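Written out below as structure tokens is the structure these notes cover.
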Amino acid sequence: MSRLSPLTSPIAYLAIGWLIVTVATALFAPWLPIAAPDAAAPAAAWSAPDQTFLIGSDALGRDLLSRILWGTRISLACAVAGGMAALLFGVSWGLLAGGGSSARDHWMMRFVDLIDSIPLVFLVILLASVARNSAWVHAGGGLALFFIILGVVYWTPMARVVRGETRSLIRREWALAATALGTPPRRLLWRQVLPNLVPTILVTVTLIIPRVLLFEAFLSFLGLGVQAPEVSWGTLARDAFEVLNPVRTAWWMVLFPSLALAMTLLSLNIVGDALRTALDPKQQR
Amino acid sequence: MTSLLIRRTFASLITVWMVFTISFVIIRAAPGGPFDANRDPPADVKRAIEARYQLDAPLWSQYLDQLGGWLQLDPGPSLRQPDHDVASILGAGFPISLLLGSLALIIGTTVGVLLGILAALRPGSGFDHLVVITASIGLALPLYVIAGLLVLAVSFGLGWLPPAGWQTIPSLILPVLCLSLVPAAQAARLVRSGLIEMSTEEFARTARAKGISPFSVLFFHCLRPALIPLVATLAPTAAALLTGSLVVEQIFAIPGVGMHFIQGALNRDYPLVLGAVLLYTVLLQLLSLLADLLTWMLDPRLREPLQ
């Protein structure tokens, strides 16, 4: 059996296929033959799915399909940016802690413990509330701030994993040999240990990205994340719930943004699981 | 044990104090005060407002004043609802959220443990796969997706249950169901894997060799050690419940703490938001303390004094 066999099961193919389609539509949304996401047509408000509006329109007559595709851009950008921020913070912190003296390791990891003991989600909501007021956010810095917040929330698991792995790697014979040959500690860490951490880091990133995606959807759903006129899957679901009532049930507005998010999350989980199995030597028989 | 308890309590107090301090810094560091979005008032009116909410005092004295106020559970008035103070708003929401949360925790955990046991009776069977897959999906999807689809199907499609509210038992069913999904999925997964692991242990093999039925071995011998990880994850589960309650109270229009918290965050009612953040922090710290105590009671290995 090949090393990557877990990634070639039918269900993994489906998941990878969905992710490719999602990323492609996100990248090429401006050039797709769809209406603009903010093109309002009040006469066509609340259209159920038909030939003009493939999956319906919203309260202002905007095409839901187009809004979902444009929302994909923001949602995926958040996930990738958050994942990258966590990668940058977490890997550097873990490498510096795990590769340093035991005193430095102790204090750097106590700091991680401290961060983990704080319920960051609630502080982030407070921060989002405060940030709504500032001129900087109104000038468009809000989305950037939001990306940074997402990364800051999720860097500690990465730091823990990288630190543990680093600690065990620098005790291996090849690391001792490199030190004996006169490799400076910093060079050993970044040029010898770091490449060996790549599978671990990759697996941890596949765990973090769905969590960031979830958190973006959570905050945007509450109205504290992505702000209009930007669209994300979370804000679309929020729009849907605001108009949900027994008199006029615009079910498509709830269903399709939820499906987009659900399919992507499940695909990410499936691919992440497969990747973990493929890259974990202990699970290879 | 006592020294452990004292140390844990002390660490919890430090955490709560840090959350308060960070929140204070965030609120004060933001450019512009909470009233700046309103029409700009005349200078003396603005001074009067600032004096009313003590925004004109030096920072350190505001910090100490507020800290003192919170310690005496008298945090002062809300910024947006001038007739109510923060304590009474949160006090009104708390019983509702508590009812919702504890129902969800109890029902979710019970159902999850039962499903976990049933799945572990025949590992690899169709039912086992069903439980594992459902639990993974339940943990992977955001609550509003599940809640949204449930409301669409059950309330609007079939018309069986009301889509909002909390005062009658039928209207409580959907919110509690949504909120109990995460604890149920968590419990089912942990109990299943714990039981399967325990049933390969020597004590379980011995019990089976003595002729005890597999069900009794699982239920009376393996269940107790398998429950320990469940208790240990009480604190993260509670955190998931709290964040979940923000979404569920929003969807079902339930006036609990979560609803006031989000409303306060949306219209920048800082004292109210700070109050909710502190309430949640204290709650989480209490629950994690409780989880440690329960683990200690369930696991006799922890009770033996270390030499």
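Read-outs: derived from the displayed coordinates by stated rules, not from any lab. Note that the coordinates shown come from a computational prediction; the quantities given were computed from them, not determined experimentally. When we count neighbours, we look across all protein chains shown, and the Cβ atoms used for this are built from the backbone with ideal geometry, even at glycine.
Observations on the model:
- Cα-Cα separations in the protein assembly as shown greater than 46 Å, expressed as whole percent: 20
- Simple spin-label estimate for B:LEU302 and A:ARG171 in nanometres, 7 Å along Cα-Cβ: 2.6
- With Cα atoms, 0 to 90° folded angle of helix B:169-198 axis to chain B main axis: 50
- Mean separation of Cα contacts under 8 Å, 6 or more apart, over the residue count of chain B: relative contact order %: 24
- Whole-Hz Karplus values for segment B:265-272 come out as 5, 5, 10, 6, 8, 4, x, 5 Hz, taken residue by residue from phi with 6.51 cos²θ - 1.76 cosθ + 1.60 and θ = phi - 60°; glycine and proline positions read x.
- Local electrostatic count at B:GLY112 - Lys and Arg +1, Asp and Glu -1, tallied over other residues with Cβ under 10 Å: +2
- Taking N as its residue count, the alpha carbon Rg of segment B:132-245 over 2.2 N^0.38 Å: 1.39
- J(HN,Hα) series, segment A:198-214, from Karplus relation 6.51 cos²θ - 1.76 cosθ + 1.60, nearest Hz, glycine and proline x: 3, x, 4, 5, 4, 5, 5, 4, 5, 7, 7, 4, x, 5, 5, 4, 4
- Spin-label model distance (nm) - B:ALA253 vs B:ASP65, 7 Å beyond Cα toward Cβ: 3.9
- Mean ellipticity per residue at 222 nm, deg cm²/dmol - from DSSP H runs of n ≥ 4 across the protein assembly as shown, formula -39500 (n - 2.57): -23000 deg cm²/dmol
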